[in-house]
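Take a look at the structure below.
The values are calculated or read from the model by the stated rules, or taken from the named source; none is laboratory data. Just so we're clear, the structure is a prediction, and the values are computed from it rather than from any experiment. Cβ sites come from the backbone with ideal geometry, for glycine too, and all protein chains shown count toward neighbours.
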Amino acid sequence: MVKGLYTAYTGMLNEQHRMDTLTNNLANVNTTGFKKEGATSQSFKDALAYEIKDKSEYNLTKRMGVMNPGVKIGENYVDWSEGAFHETDNTFDLALSDRGFFEVEFTDKEGNTMVKYTRDGSFTLNINGDLVTKDGDYLLDVNGNHINLDPLIADTSIDRMGNIFQGGGLVAQIGVTDFEDYNYLEHYGENYFQTVEGATETPTATRIYSGYLEQSNVSPVSEMVEMIAVTRQYEANQRVIKTIDETLETAVTSLGRPV
């Protein structure tokens, strides 16, 4: 009977994890290029079957050890579906038509510089004429260099291939990178992604649309409906714990009382 407490407890932890994921999606519903996340979970029988079949140690099955009934929190996943385009008429607002990411030179608080990837194409020129994100990180060209433009030239244009023209001449080409398997990408924060070991770059035929921004692919209605379902399931686990607690109280205070 007491094992039921742990089963309901793990269920509550799982629902809390799902709620955290949903609230993060809702918080980024207006974040340009944001890709929503989903949460997964495993039942006890699935986790048990995996452990029994695991022969990674000397081709022998592992010993099970302590049995933990209930649900196991799984990994989060990213929904890579494309968001809708929003027209801005700003030359440096860019949207990708298909797979791929803009390459950005990111500098962390310790001063370390690294390349990150993003679908957020809201760029602008800084005081030096460099094309940067709203946080000041540099957009990179096809050769991995900063893109420097003349802010005094008004007739700047960007074609579908990412070529930047000023005064009728080609100045730079925006770098776009794609990967064979997005499972080797992870959220870094600040709407960036970073690669993990095993990521392999691949050519992409993505087109760049100047004057547009890709919106978040989060549906507020769907997320709210999911939040209601998570809340109901959390409350159901609470009621299970309360019922078992009342049963234990009866067993201790009444059944053990001498006649």
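Points worth noting:
- Residue match in segment 30-49 (condition: modelled with pLDDT of 80 or more, more than 24 Å from Asp79 (Cα to Cα) and of a type outside the set (Val, Ile, Thr)): no
- The residues of segment 106-136 that are surrounded by fewer than 19 Cβ atoms within 10 Å (Cβ to Cβ) and in a loop (DSSP other than H, G, I, E, B), listed by number, are Asp108, Lys109, Glu110, Gly111, Asn112, Asn126, Ile127, Asn128, Gly129, Lys134, Asp135, Gly136.
- One residue from Ala95, Ala84 being at pLDDT 95 or above and under 16 Å from Tyr209 (Cβ atoms): Ala95
- Residue list for segment 137-150, restricted to those being surrounded by 14 or more Cβ atoms within 10 Å (Cβ to Cβ) and free of Cβ contacts under 8 Å to residues at least 40 places away in the same chain: Asp137, Tyr138, Leu139, Leu140, Asp141, Val142, Ile147, Asn148, Leu149
- Sole residue being closer than 22 Å to Thr88 by Cβ and either under 22 Å from the mean Cα position of the chain (by Cα) or surrounded by fewer than 17 Cβ atoms within 10 Å (Cβ to Cβ) (or both), chosen from Ile153, Ile158: Ile153
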